[in-house]
Amino acid sequence: MERIYDYNKILQGILDIGEAMLFSGAEVNRVEDSMYRMCHAYGFVRCDVFTMMTNLQATIETKDGEIITQIRHVWKSDTNYDRLDYLNNLSRYVVAHKPGAEELHHRYLEVMERQPQPVWQRYLGGIMGGAGFSVFFGCNLMDTIVAVAASFFVVFLGRKIAKYEGNPFVYNFVISFLVELGIILSVHLGIGDHSGRITIGVVMLLISGLGTTNGIRDLLHKDIVSGFMNILDSILGAGAIAMGIAFAIVILKGVMV
């Protein structure tokens, strides 16, 4: 006997998964492909999916001739590859088993409500990244100590600001400005020796090379709008970093001369 589905709820569940994948840092092409696969698994006569960094749209036609369209606005994004891994697994489960609306929603909530990774891992990763790049760019022992403190501060500020500000320009400007103030003052007080080398290493935590890479990849997949949005987002973020650092240098050079 053929199962009876609530196709409005099924499509809502598929968009929930796609939206969460975008929010977790998935590429546009990957999200679109996963949504197409899930739609085809339920036997829709026709399905059309359109995905951008900030928008999801899906229209399906059921065997009964009913046409359903749903649209989502993705208002911000983050990077959470642990969650993305589980969402990818969920999309494959949906394709293989075609769960009903209630089971689909329940499994989606299980992924979204998973215990997040410990906060200390994010701090440890930030410190290792910032200090490691600083050593790579020629910092000595005292410079590295300053880089460790600055990297901790970058992660701390990032977690706080992200709760209230989703604009990457403002986010990068505020963090780079405050961190550069701390670096320059530390060197001025004799704790470190090379503020420039420390800055170059620590600022690597803010540079969005992944956004540029994903943007180029989107362009190659003919996702022109998403590609340009990713690249422009990276350029604006890099500009904000440069402005924040320059502003701190201008202010403190005037104070310490």
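The values are calculated or read from the model by the stated rules, or taken from the named source; none is laboratory data. Keep in mind the model is a prediction, meaning the values are calculated, not measured. Here the Cβ positions follow ideal geometry from the backbone for every residue, glycine too, while neighbour counts run over all protein chains shown.
Laid out as a table, the results:
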{"quantity": "Restricting region 163-215 to residues that are within 19 Å of the chain's Cα centre (by Cα) and among the charged types (D, E, K, R), the residue that is farthest from N230 (Cα to Cα)", "calculated": "K163"}
{"quantity": "Residue match in region 18-32 (condition: buried (at least 16 other Cβ atoms within 10 Å of the Cβ) and among the basic types (K, R))", "calculated": "yes"}
{"quantity": "Search result, residues across region 193-233 that are among the charged types (D, E, K, R), buried (at least 20 other Cβ atoms within 10 Å of the Cβ) and at pLDDT below 80", "calculated": "D218, D223"}
{"quantity": "Residue selected from region 186-205 under the condition assigned to a helix (DSSP H, G or I) and out of contact with any helix residue (DSSP H, G or I) (no Cβ under 7 Å at 6 or more places or on another chain), by the criterion farthest from A248 (Cα to Cα)", "calculated": "I200"}
{"quantity": "Hits in region 49-96 - residues which are of a type in the set (A, V, I, L, M, F, W, C), modelled with pLDDT of 90 or more and closer than 11 Å to M21 by Cβ", "calculated": "L56, L84, L87, L90"}
{"quantity": "Condition check for S134: assigned by TED's automatic domain parsing to the domain that holds R159 and assigned to a helix (DSSP H, G or I)", "calculated": "yes"}
{"quantity": "Test result for G13, among the small types (G, A, S) and under 26 Å from L219 (Cα atoms)", "calculated": "no"}
{"quantity": "Enumeration of residues in region 103-113 that are free of Cβ contacts under 8 Å to residues at least 24 places away in the same chain and either surrounded by fewer than 16 Cβ atoms within 10 Å (Cβ to Cβ) or hydroxyl-bearing (S, T, Y) (or both)", "calculated": "E103, H106, L109, E110, E113"}
{"quantity": "Single match in V154, V170 (criterion: of a type outside the set (F, W, Y), surrounded by fewer than 17 Cβ atoms within 10 Å (Cβ to Cβ) and part of a helix (DSSP H, G or I))", "calculated": "V170"}
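Table: residues versus (1) assigned by TED's automatic domain parsing to the domain that holds I127; (2) farther than 20 Å from Y123 by Cβ; (3) β-branched (V, I, T); (4) without any contact (Cβ under 8 Å) to a residue 40 or more places away in the chain.
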| position | (1), (2), (3), (4) |
| --- | --- |
| D193 | yes, yes, no, no |
| G196 | yes, yes, no, yes |
| L206 | yes, no, no, no |
| I251 | yes, yes, yes, no |
